[in-house]
Amino acid sequence: MSDIDSTTKPTIGKGYRLQWEPAQNAHVLLYPEGMIRLNVSAGEILKRCDGERTLGDIVSDLERTFETSDIKDDITAFIAMAVTNKWVELRA
């Protein structure tokens with residue numbers, strides 16, 4: 001799954017909702033059974049997973065925003081893990 005195509009459009013999985021939680025001072029994924037508190041990197045990636053942007057768009061935006069490069073593999077690995085956990089679904 002780590003070979004996700006850069007034209008794939010990740011979106012938050014069914015049954016999950018991403019939101020900023022002031023009490024946690026973090027982005028969280030809410031689901032019927034609870035909540036997953038996300039670290040800063042995960043929150044930044046997932047808030048861009050809107051089903052409209054491609055994985056390539058997300059990588060480019062994060063590299064531009066955080067003035068860095070060579071993060072595609074890390075982002076792809078995170079998205080693959082999120083798909084495995086059903087936090088994210090992939091669209092063609």
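The values are calculated or read from the model by the stated rules, or taken from the named source; none is laboratory data. Please read all numbers here as calculations on a predicted model, not as lab measurements. A quick note on method: Cβ atoms are made from the backbone with ideal geometry, for glycine too, and the neighbour counts reach across all protein chains shown.
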Would you confirm whether or not the stretch 46-61 contains a residue that is surrounded by 18 or more Cβ atoms within 10 Å (Cβ to Cβ) and in contact with a Gly (Cβ under 7 Å, 6 or more places away or on another chain)? no
Among the residues in the stretch 15-23, are any of a type in the set (Asp, Glu), in contact with a strand residue (DSSP E or B) (Cβ under 8 Å, 6 or more places away or on another chain) and not in a helix (DSSP H, G or I)? yes
With the requirement that a residue be surrounded by 15 or more Cβ atoms within 10 Å (Cβ to Cβ) and assigned to a helix (DSSP H, G or I), what does the stretch 62-92 give you? Leu62, Glu63, Lys72, Ile75, Thr76, Phe78, Ile79, Ala80, Ala82, Val83
Quick test of your reading of the structure: Gln24 fulfils all but one of (1) out of contact with any helix residue (DSSP H, G or I) (no Cβ under 9 Å at 6 or more places or on another chain); (2) surrounded by 15 or more Cβ atoms within 10 Å (Cβ to Cβ). Name the failing condition by number. (2)
Which residue out of Val59, Val28 is part of a strand (DSSP E or B), β-branched (Val, Ile, Thr) and either closer than 19 Å to Ile4 by Cα or at pLDDT 95 or above (or both)? Val28
